[in-house]
Ligand code: SF4
């Protein structure tokens with residue numbers, strides 16, 4: 001975490017006991033080949049971490065939540081925000097999800113209907129690909145004239161390791177293996193202490209391979225000698241996965257509308273080269289609060305009254321950083337190595353690149369059919385073997401994510417057209433949901449007699465990453481909020 005925004009919000013955050021794991025003590029960027037590594041001779045300035053902190057976002061958010069409650073503000077944990085209240089084009093609040101509905105949609109004995117929470121201004125900060133934010137973006141056409149947002153899936157584990165291998169606060173970022181030249185992404189290893197590592201792999205979801213599997217790639221990442229030697233005789237203690245918005249400056253939606261604002265990852269505020277967004281989430285929250293206060297004082301919460309928020313974001317370090325890096329992600333569209341070269345040139349030219357706003361397609365459009373990707377005939381997906389010590393299958397990982405859902409509730413993963421899965425997707429893409437979901441929620445069961453198969457969904461495994469709705473090539477999956485309180489624990493993540 002870059003502390004710039006937290007220090008603005010709470011200048012004495014260290015004295016007040018913010019849960020900081022370590023200050024960054026050193027930085028490395030490695031290019032990994034299949035068995036070797038090359039260290040970059042220097043860390044490019046935007047990727048330097050001197051002065052930054054390693055934090056567990058889960059702990060930081062809990063700590064901030066406690067401070068908010070001390071000031072008499074109500075936090076309604078354990079409730080999902082299910083639906084936006086619209087009055088015409090105006091946003092008037094949010095309806096929370098019902099509790100106690102059974103899997104057939106019938107009320108159970110403990111049924112509690114959702115409640116309407118009405119507000120003059122509603123600020124949406126649901127993280128990446130929030131269900132309500134997506135609804136707002138579509139209904140109010142907030143992305144008109146912008147690129148569609150693009151995402152990556154980050155798969156992460158926390159490990160306890162023997163001492164003496166890495167210094168507390170050390171940061172390693174990797175490029176190259178296990179991702180090919182046509183897949184954007186990289187690995188990270190953060191030493192929370194000499195014996196506690198947070199590590200993961202981020203894979204951009206504009207990959208083409210219908211068998212693409214971010215969880216499987218992360219397991220391969222851990223087998224690389226650089227990583228395996230750190231983890232040897234260690235113990236994996238926690239797992240999680242989440243999408244990250246990566247579209248940058250050209251994919252930022254309109255941030256204001258009648259009665260509301262977008263902040264944080266819901267607005268696409270992530271600095272991709274720095275792999276950082278916490279400081280943008282905090283800063284956009286500060287700017288949203290200032291704007292809301294002004295609008296309440298004026299007694300006017302129309303889009304016009306809330307529009308100064310967009311200017312404040314643009315003039316803040318959020319807008320300046322993202323503008324400087326506006327061509328970053330697109331530079332990698334024709335391969336990782338050429339992208340790295342282009343980004344170096346852009347940096348030297350202050351972020352400029354010829355041609356104006358590059359066009360981008362939505363991530364689900366990037367996937368190629370089996371016939372197109374495997375031109376010499378449809379390859380079978382590689383059988384993956386995991387040893388349960390260094391590498392883990394998805395179900396074992398889900399167990400360590402602490403994911404829990406009420407079993408008797410409607411499935412929160414809605415497949416809009418099941419016939420499409422059988423009649424087209426099997427043939428065209430080989431049912432890629434089985435591969436891109438990092439939690440083995442989607443399984444394909446063969447029905448021998450009929451010679452076909454059927455999709456079986458295990459919603460209780462879902463770690464709420466949102467990859468499926470983003471990457472399904474037909475847009476055939478809808479992620480709706482499950483009963484409030486369900487989902488992964490994120491403890492220490
Ligand atoms: S079902 Fe979808 S949201 Fe849930 S873990 Fe799988 S890909 Fe992620």
Quick check: pseudo-label points 7 Å beyond the Cα along Cα→Cβ at residue 489 and residue 181, how many nm apart are they? 4.5 nm
At what distance in nm do the modelled label points of residue 67 and residue 38 sit from each other, each positioned 7 Å from its Cα along Cα→Cβ? 4.4 nm
Highest to lowest packing among 380-392, 243-255, scored as the average C-beta count within 10 Å: 243-255, 380-392
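Using packing as a proxy for protection, rank 8-16, 180-188 so that the peptide with the highest average count of other Cβ atoms within 10 Å comes first.
On the way: 8-16: 12.7, 180-188: 19.1.
Listed from highest to lowest mean packing, they are 180-188, 8-16.
Can you tell me, using C-alpha contacts under 8 Å and at least 6 residues apart, the relative contact order of region 316-403 as a whole percent? The partial results should precede the final answer.
Numbers: 34 pairs, mean separation 15.3, N = 88.
Worked out over region 316-403, it gives 17 percent.
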Per-residue Cβ contact counts at 10 Å, fewest first, order 42, 192, 256 as 42, 192, 256
Per-residue Cβ neighbour rank within 10 angstrom, fewest leading, 295, 7: 7, 295
For the chain, what is the calculated [θ] at 222 nm in deg cm²/dmol (nearest 500), taking -39500 (n - 2.57) for each run of four or more DSSP H residues and dividing by its residue count? -7000 deg cm²/dmol
Debye log10 I(q)/I(0) at q = 0.06, 0.13 Å⁻¹ for the chain, Cα point scatterers: -0.27, -1.45
Subtracting the Cα-Cα distance of residue 297 and residue 456 from 0.36 nm times their residue separation yields 51.9 nm
Hey, rough spin-label estimate for residue 341 and residue 57, points 7 angstrom out along Cα→Cβ, what's it come to in nanometres? 3.4 nm
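If you average the sequence gap of Cα pairs under 8 Å that are 6 or more apart and divide by the length of the chain, what percent do you get for the contact order? Working shown, then result.
Values: 989 pairs, mean separation 93.9, N = 493.
Contact order relative to length: 19 percent.
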Among 102-109, 439-446, what's the highest-first ranking by average C-beta atoms within 10 angstrom per residue? 439-446, 102-109
Nearest-0.05 FRET efficiency for residue 8 and residue 380, computed from C-beta distance (R0 51 Å): 0.45
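What ranking of 467, 33 emerges when the number of other C-beta atoms within 10 Å of each C-beta is taken as an exposure proxy, fewest first? Walk me through the numbers before you get to the answer.
Numbers: 467 29, 33 10.
Lowest to highest Cβ neighbour count: 33, 467.
Since every read-out is calculated from the coordinates, none of them should be taken as a lab result. All values reported here derive from a predicted model rather than from experimental measurement. Please note: Cβ atoms are built from the backbone with ideal geometry, for glycine as well, and neighbour counts cover all protein chains shown.
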